[in-house]
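Below you'll find the structure, written out as structure tokens, and then a few comments.
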Amino acid sequence: MSVNFIQRFPFLSLLVLGASSALCLAPVDAWWILFINVPLALSILKRGLAQNLYRNFLWGWSFGFGYFLGALHWIGFAFLVDAANDLWMMPIALGGLCAFLALFWAAAVGAALQMAKRGLALWLAVPISFFIFELLRGHLFTGFPWAVFGQAVDGMGGVAQLASLIGMNGLTLMIWLWAASLFAIAVQERRQRLVAVLVLLTLPLSYAWGEWRLASHPTEYVQGVMLRLVQPNINQNDKWRAGNARAIFDQLRALTAAPSSTGQPITHIIWPESSMPFLIDESAQGRAELAQALKPGQTLLAGAVRRSRAEDSAQYFTSILIFNDKAEVLSHYDKWHLVPGGEFLPLAWLLEPLGLRKVVNLPESFTSGPGPTTLSVPGAGLAGMSICYEAIFPGAVSDPANRASWLVNVTNDGWFGNSVGPYQHLAQLRLRAIELGLPVARAANTGVSAVIDSYGRLTFQSQLGTTGAFDLMLPQSAKPTFFAKAS
């Protein structure tokens with residue numbers, strides 16, 4: 001992109017810079033592109049100091065819309081599952097989501113330029129403003145902290161260990177500062193350049209500290225616990241089709257009962273989100289057949305749909321059910337952070353008359369659970385539970401008042417096919433492990449299933465779109481991190 005082009009077409013230039021900045025995320029992990037694009041964007045935004053507030057908001061919105069369209073394009077795959085009924089909603093839903101999220105970036109740019117007009121250096125005002133508005137994006141309207149710049153550390157080696165101190169949002173601030181410091185070094189006066197150099201020096205220092213932390217804490221494992229992650233790889237087109245329940249359940253049971261690949265007895269089995277297309281806890285036959293697949297002493301943690309009946313109504317939950325070896329339900333966890341547009345439809349009173357509906361095809365919307373929950377898992381201590389989308393929220397995967405010794409995540413990323421979405425999802429779960437100092441076991445319908453140690457290292461990662469039962473040891477938990485104590 002030439003300087004002349006940038007000067008003549010700032011709106012379009014910011015759109016392109018935003019879209020290409022999405023390459024910083026997994027699985028591309030081209031974090032370095034931010035150190036090119038952010039200074040270029042700042043050079044455009046600097047011109048906004050002489051513009052009106054409306055123009056500044058428009059430039060910020062353009063930057064954000066390009067970024068979110070590049071980062072979240074994979075959401076469109078969900079509308080291809082039932083294309084005959086849903087495809088028409090794709091441009092409305094995806095375009096509307098990106099346009100809405102870009103409003104946060106528009107506000108961030110507008111606020112930053114106002115701060116700069118009042119004397120704060122632009123290269124500092126922009127990171128501070130974006131830090132604030134990205135925090136708001138993660139909390140307002142149920143929150144959606146997907147694709148913040150802090151997630152770029154997935155490809156930055158030891159730098160990711162800073163999450164144990166400052167969390168994902170703190171990393172977002174630091175990456176904005178590091179990238180913006182190059183702009184300051186290039187165009188600011190001497191005093192500002194010196195400050196920017198000092199800020200930039202914290203990047204290699206952070207990397208060195210993180211690599212030292214990793215080297216000083218090799219992965220250790222819990223004795224007597226052998227996990228089996230079941231990845232049935234059920235195509236989303238087939239999952240809820242009438243007549244497929246028997247074949248799906250038989251496959252799950254067969255993968256569960258298969259001989260151990262390690263020679264050690266399997267103690268805990270994890271099935272992915274909504275693994276069975278029927279209500280297993282209400283099916284006596286289903287539980288009897290499940291009991292036949294479980295060996296004595298085994299515990300099953302199964303993603304399932306659960307119904308709670310009242311006298312004149314029923315509520316549906318997407319849950320994790322914990323079964324003993326007799327297929328008796330010992331406890332359950334209900335998802336509390338539901339997916340807007342997937343498991344419930346925001347502003348249903350307005351959108352349903354227009355023909356829009358949620359993607360998950362149940363007559364009713366799901367009901368949210370009470371919040372982060374730590375459950376006792378026989379033979380494996382306390383576990384923090386999360387289902388799918390909940391893994392993107394720092395502090396929401398475990399009850400801080402009842403510290404777990406490991407985290408369980410079940411998901412069904414089959415909605416998104418062979419896209420970048422499942423890899424971005426996994427990268428965020430790695431940050432949760434580093435933030436809390438807790439290992440993670442993740443079972444995904446079509447992948448990526450994984451085991452992550454307490455420092456964010458992947459001790460196992462399955463291939464996307466494969467079928468298998470993966471037998472793995474559970475890593476030990478680490479001491480509570482500074483972030484965990486402060487949360």
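Say a site is exposed when it is one of the GluC sites (Glu not before Pro), sits in a DSSP loop, and has at most 15 other Cβ atoms within 10 Å; what is then the longest site-free stretch of the chain?
Here the longest segment lacking exposed loop sites spans 1-188.
Based on Cβ point charges of +1 for Lys and Arg and -1 for Asp and Glu, what charge dipole magnitude is obtained for the chain about its Cα centre, in debye rounded to the nearest 20?
Working: 32 positive and 28 negative charges, 302 e Å.
Approximately 1460 debye in magnitude.
Cross-link partners among lysines for LYS46, C-alpha distance below 18 Å, same-chain residues fewer than 8 apart left out?
Cα-Cα hits under 18 Å: LYS117.
Of the listed values (i) 22.7; (ii) 23.6; (iii) 24.3, identify the label whose number matches Kirkwood radius over Cα pairs in Å calculated from this model.
Correct label is (ii).
Rounded, prolate or oblate, given the Cα gyration tensor of region 3-216, with a/c below 1.5 counting as rounded?
Values: a/c = 1.92, a/b = 1.18, b/c = 1.63.
In terms of gyration-tensor shape, oblate.
Answer with one residue from THR446, ALA257, THR459: the one whose Cα lies farthest towards the positive end of the charge dipole of region 221-486, charges on Cβ with Lys, Arg +1 and Asp, Glu -1.
Checking the options against the dipole of region 221-486, the answer is THR459.
What percent antiparallel are the DSSP beta bridges of the chain, to the nearest 5?
Of those bridges, close to 65 percent are antiparallel.
Which whole-number percent gives the relative contact order of the chain, counting Cα pairs below 8 Å spaced six or more residues apart?
Normalised by residue count, the contact order of the chain is 15 percent.
Can you tell me the orientation of helix 10-21 relative to the chain, as the angle in degrees between its alpha-carbon axis and the longest Cα principal axis, to the nearest 10?
So the helix axis and the longest Cα principal axis differ by about 40 degrees.
Here is the link list: LYS239/LYS295; LYS239/LYS485; LYS335/LYS485. Which ones come out longer than 32 Å on Cα distance? The partial results should precede the final answer.
Working: LYS239/LYS295 27 Å; LYS239/LYS485 41 Å; LYS335/LYS485 24 Å.
In this structure, LYS239/LYS485 lie more than 32 Å apart at Cα.
Quick note: the coordinates plus some simple rules give every number you see, no bench work behind them. Note that the structure is a prediction, hence the values are computed from the model and not measured. We place every Cβ from the backbone using ideal geometry, glycine too, and count neighbours over all the protein chains shown.
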